[in-house]
Structure formats: C-alpha cells, structure tokens
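Every number here is computed from the coordinates shown, using simple stated rules; none is lab data. What you are looking at is a predicted structure, and each value in this text was computed from that prediction instead of being measured. When we count neighbours, we look across all protein chains shown, and the Cβ atoms used for this are built from the backbone with ideal geometry, even at glycine.
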Amino acid sequence: MKYCSTCGATVSHRVPEGDRLARFVCDQCGEIHYINPKLVVGTIPVWQERILLCRRAIEPQLGFWTLPAGFMEMAESTAEAARRETREEACAHVRLVGLFSMVNIPHISQVHLFYRAEMDDASFAPGDETLETRLFALEEIPWDELAFRSVSLTLRLFLEDRERSHYGFHEATLAPK
Ligand SMILES: [Zn+2]
C-alpha cells in the first residue's frame with residue numbers, strides 16, 4: 001500500500017502506538033489500514049459417488065484441476081460463498097451437507113474452507129474461469145494434476161472418511177514447502 005484510501009496522502013509502514021505489529025498508517029489523517037487474512041471457500045460437489053472437479057482457465061495453476069472455490073465476497077456467508085463459487089466455476093447447483101475441512105495457510109495469510117455438497121442434478125459446465133468440468137470416480141482423481149495443496153489434502157481426507165463411512169470435520173495447517 002502506498003496511498004491512504006481515505007484521504008489519498010502517503011502512508012508509512014510502522015507500529016502504531018499501543019500495537020505490536022507494523023501497519024500502513026496514513027501520514028496525514030492518521031488512519032490505520034489493517035490488512036487481514038483472506039478466506040477461500042469452496043465445495044466438494046458429489047453426484048452419484050463421483051466428485052466434480054474444474055480445470056483452471058486462469059493463473060495461478062492454469063490447466064490444473066481443483067475443487068470449485070474462491071475468495072469470499074464482502075457481506076456474504078461462507079455457505080453462500082461456497083454455493084456461489086460452485087455456480088460460477090462449474091455451473092452446478094448444490095446442497096451443502098456440512099463443513100468438511102478448514103486449512104490454515106499462515107505463510108500466505110489464507111484460510112481455505114470446503115463444504116461437502118450434493119449436486120441437485122447432473123448438470124454442470126465450465127464457467128468463465130474454468131476450461132473443463134468433469135465428474136471423477138474416486139479412483140480416477142488426477143492426483144498429479146491438482147492445483148493446490150489444500151485441495152489435495154481435502155480430497156485425501158474425503159477418500160479416507162469415505163472408506164470408513166464416516167465424514168468428520170478436519171482442521172489442518174500447511175507449512176511452506
Ligand atoms: Zn489518510
């Protein structure tokens with residue numbers, strides 16, 4: 001950040017009085033601009049024992065497969081974000097079954113949430129940010145072509161839970177590679 005979004009003056013990166021971390025502080029109006037972690041929310045859409053994956057049409061990880069997910073918007077709930085991203089990226093309508101995984105990624109200041117979801121019907125298609133959408137049987141999941149570690153982890157946990165016919169909630173933290 002270079003300029004204050006309130007008054008347009010320059011900002012300094014310093015520890016405000018009474019704080020313990022450096023923040024962007026406006027040199028003119030004194031506004032403290034806090035930057036906080038971002039939530040990425042998505043679903044594990046299931047149709048008749050198969051999982052819907054999307055092949056990314058955008059960077060990062062263009063061409064790799066992912067679960068439908070994206071940054072939460074202002075003024076929406078995590079459930080709304082999960083359903084919206086599934087509609088936007090895979091043109092699929094889902095019913096959320098429950099929160100399945102929460103993956104902390106502190107080194108990039110993100111938290112990724114994935115809901116288990118049941119597709120309303122077998123209709124799906126690539127959205128603007130997707131090259132291809134496809135249902136994968138569990139033994140067909142393209143492990144070597146998955147876009148993100150949070151997605152690989154979530155799918156691995158999903159398969160493990162399915163093996164024992166009990167789906168739990170999983171919290172994890174990813175370290176830098
Ligand atoms: Zn200002």
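Relative to the first principal axis of the alpha-carbon coordinates of the chain, what is the inclination of helix 78-90, with its axis defined by its Cα atoms, in degrees from 0 to 90 and to the nearest 10? The angle comes out near 60 degrees. Computed over all pairs of different Cα atoms, the Kirkwood value for the hydrodynamic radius of the chain is 17.8 Å. Of the three principal axes defined by the Cα atoms of region 69-118, the extents in descending order read 33, 21, 19 Å.
With helices as the sole contributors, the chain gives -5000 deg cm²/dmol at 222 nm; each DSSP H run of n ≥ 4 counts as -39500 (n - 2.57), and the sum is divided by every residue. A protection proxy built from the mean count of other Cβ atoms within 10 Å ranks the segments 9-16, 146-153, 113-120, most packed first, as 113-120, 146-153, 9-16. Amide H contacts of ALA57: GLY63, THR130, LEU131, each under 5 Å away and 5 or more positions distant or on a separate chain (H built 1.01 Å from N in the peptide plane; Pro and chain starts excluded).
Since only HIS93, HIS33, ILE58 are under comparison, the one whose Cα sits farthest along the positive direction of the charge dipole of the chain, derived from C-beta charges on Lys, Arg, Asp and Glu, is HIS33.
For region 130-177 versus region 22-89, the spacing of their alpha-carbon centroids is 17 Å. Principal-axis analysis of the Cα atoms of the chain puts helix 149-163 at an angle of about 40° to the longest axis. Taking 14 Å as the cut-off, the amide N atoms of region 93-133 that come nearer than this to a point 7 Å along the Cα-to-beta-carbon line of ALA79 belong to 94-100, 115-118. Full extension of the chain between CYS91 and SER12 yields a length gain of 24.1 nm, computed as 0.36 nm times the residue separation minus the alpha carbon distance.
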